[in-house]
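The values are calculated or read from the model by the stated rules, or taken from the named source; none is laboratory data. Keep in mind it's a predicted model, so treat the numbers as computed, not measured. Neighbour counts are summed over all protein chains in view; Cβ atoms, including those assigned to glycine, are modelled from backbone coordinates with ideal geometry.
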Amino acid sequence: MTVTVRFAPSPTGKLHVGNVRAALWNWLFARREGGRFLLRIDDTDRERSTSEYEDGIRADLEWLGLNWDDTFRQSARFVEYDMVCDALKADGLLYPCYETPEELDRKRRLQRARGLPPVYDRAALSYTDDQLAAFEAEGRKPHWRFRLSQTEVQWRDLIRGEVVVDTSNVSDPVLIRADGVYLYTLPSCIDDVDYRITHVIRGEDHVTNTAVQIEIFRVLTKMRGGNVPIFAHHSLLVGADGQGLSKRLGGLSIESFRARGIEPEAVTSLMARLGTAQAVAPERSLQALADTFSFETVGRAPARFDEAELAALNAKLLHETPFDAVSDRLAQMGVDAALWDVVRGNIETLAEASEWRDVAYGAIDPVIEDEPLTTAAAALVPDDPLSEESWSAFTNAVKDKTGAKGKALFMPLRHALTGRARGPEMAAIFPLIGAVRARARLAGQRS
Ligand code: GLU
């Protein structure tokens with residue numbers, strides 16, 4: 001049995017940190033098992049789905065490195081869904097209901113007032129011919145519900161352990177809306193069966209769906225072969241403040257991380273381990289994350305997502321990144337290996353390396369805070385080529401000449417030579433700046 005998993009986003013919004021967890025864990029599990037990872041686009045709702053969102057999701061997954069072995073759209077499979085529905089209708093498992101949303105709402109309110117769970121009462125199963133004729137005459141269109149067995153459904157969840165759901169406490173799910181649109185529940189099962197999905201890994205907001213879908217799977221596997229998949233439901237993310245993220249997810253899109261200079265590997269390193277017993281650490285290799293991925297280490301508590309943690313991990317990742325791993329991007333910025341080695345410990349995003357390119361090889365405005373000192377220093381800069389030893393020889397000479405020492409010596413020099421108060425070791429960047437630029441900057445000239 002080849003492990004086959006799928007990530008199934010609806011193209012009705014951008015990929016965000018909440019759903020990237022499902023995408024990543026499916027991918028890691030597939031790669032650990034030498035299995036297959038499918039990308040399914042859940043676009044049965046043609047009105048809310050757009051090709052821009054779909055393209056965006058694909059681009060974000062590619063950027064993250066989550067390549068897929070196969071991909072398809074649900075909108076290409078309506079013929080299959082129609083066929084299954086005809087069979088379910090013939091078996092009485094899919095039945096027409098004519099209640100309006102207002103009528104359903106009224107029923108639920110009455111049930112609640114009587115202290116009953118708001119479960120659909122199956123009134124539609126006992127419509128008389130006259131009632132049906134009256135609905136049709138009114139021009140009402142039916143929505144279609146699946147008839148649950150009203151028994152206990154049980155499965156061994158890879159994260160939650162033994163789960164039991166009594167489907168007599170669950171309303172018969174609507175599979176087809178009155179306007180003919182397939183809701184996600186049935187097409188998902190048909191696809192999972194047809195594509196021989198072995199494991200469904202998704203958020204715990206789907207646990208009740210799973211009970212319903214297992215009942216549907218049992219019918220479908222008889223019709224179309226295959227097995228009921230194994231399930232793993234992960235907890236949902238909360239923010240650093242412990243509050244749910246659902247309302248904030250718009251601002252936590254993968255696109256926005258990319259725009260802020262977050263490396264894809266920072267996102268995957270964090271999301272692979274967040275909410276597990278394994279420590280979060282920067283890791284450029286997705287396969288290495290896959291090799292250590294294990295449902296056994298996954299906790300059930302909500303996982304805390306903190307943007308500050310992502311930014312810090314991004315910086316840590318860059319500090320450890322060798323030139324060769326990012327040489328293409330650095331070459332475009334005019335940053336060579338020598339400069340990268342000097343600055344990588346001092347940046348939070350790769351783009352910041354270009355500021356240091358200007359410091360080392362371009363022109364900057366020096367900041368002169370002690371003119372007598374820097375003027376004296378300008379005359380003491382040794383000749384090119386400068387080496388790592390040049391800095392201490394130079395600063396000793398300035399100290400001897402001016403009597404300045406400590407902060408009063410080093411800060412004015414750093415400010416004049418780099419235009420800023422902080423940065424890499426001066427001994428390391430001084431040789432890259434070179435004697436000509438150094439003399440000009442110490443003299444207060446832009447160079
Ligand atoms: N399109 C569904 C969602 O985004 C897929 C859920 C699933 O993985 O089955 O919630």
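Things to note:
- Counting only residues that are touching a residue at least 60 places away in the same chain (Cβ under 8 Å) and either within 11 Å of the ligand (Cβ to nearest atom) or hydrophobic (A, V, I, L, M, F, W, C) (or both), segment 44-55 holds 2 of them.
- Among residues of segment 403-420, those that are at negative phi and without any contact (Cβ under 8 Å) to a residue 24 or more places away in the chain, counted: 4
- Tally of residues being buried (at least 17 other Cβ atoms within 10 Å of the Cβ), more than 17 Å from Arg329 (Cβ to Cβ) and either modelled with pLDDT under 95 or over 10 Å from the mean Cα position of the chain (by Cα) (or both) across segment 254-267: 0
- Evaluating Arg73 against the criteria (1) within 16 Å of the ligand (Cβ to nearest atom); (2) surrounded by 17 or more Cβ atoms within 10 Å (Cβ to Cβ); (3) among the charged types (D, E, K, R); (4) closer than 25 Å to Ile176 by Cβ leaves one unmet condition, (2).
- Breaking point among (1) modelled with pLDDT under 95; (2) part of a strand (DSSP E or B), for Pro118: (2)
- Some residue of segment 282-302 being in a strand (DSSP E or B) and free of Cβ contacts under 8 Å to residues at least 40 places away in the same chain: no
- Segment 213-232, residues that are assigned to a strand (DSSP E or B) and either closer than 26 Å to Glu47 by Cα or more than 10 Å from the ligand (Cβ to nearest atom) (or both): Ile230, Ala232
- On the stretch given as segment 166-212, residues that are within 9 Å of the ligand (Cβ to nearest atom) and in a loop (DSSP other than H, G, I, E, B) total 1.
- Residue in segment 237-245 that is under 22 Å from the mean Cα position of the chain (by Cα), within 23 Å of Asp60 (Cα to Cα) and part of a loop (DSSP other than H, G, I, E, B) present: yes
- Checking Leu274 against (1) among the aliphatic types (A, V, I, L, M); (2) over 19 Å from Gly65 (Cβ atoms); (3) in contact with a strand residue (DSSP E or B) (Cβ under 7 Å, 6 or more places away or on another chain), the condition it does not meet: (2)
- The set of residues from segment 1-43 being surrounded by fewer than 22 Cβ atoms within 10 Å (Cβ to Cβ), within 14 Å of the ligand (Cβ to nearest atom) and part of a loop (DSSP other than H, G, I, E, B) comprises Ser10, Thr12, Gly13, Lys14, Asp42, Asp43.
- Among the residues of segment 51-97, those identified as out of contact with any Leu (no Cβ under 7 Å at 6 or more places or on another chain) and polar (S, T, N, Q) are Ser51, Asn67, Gln74, Ser75.
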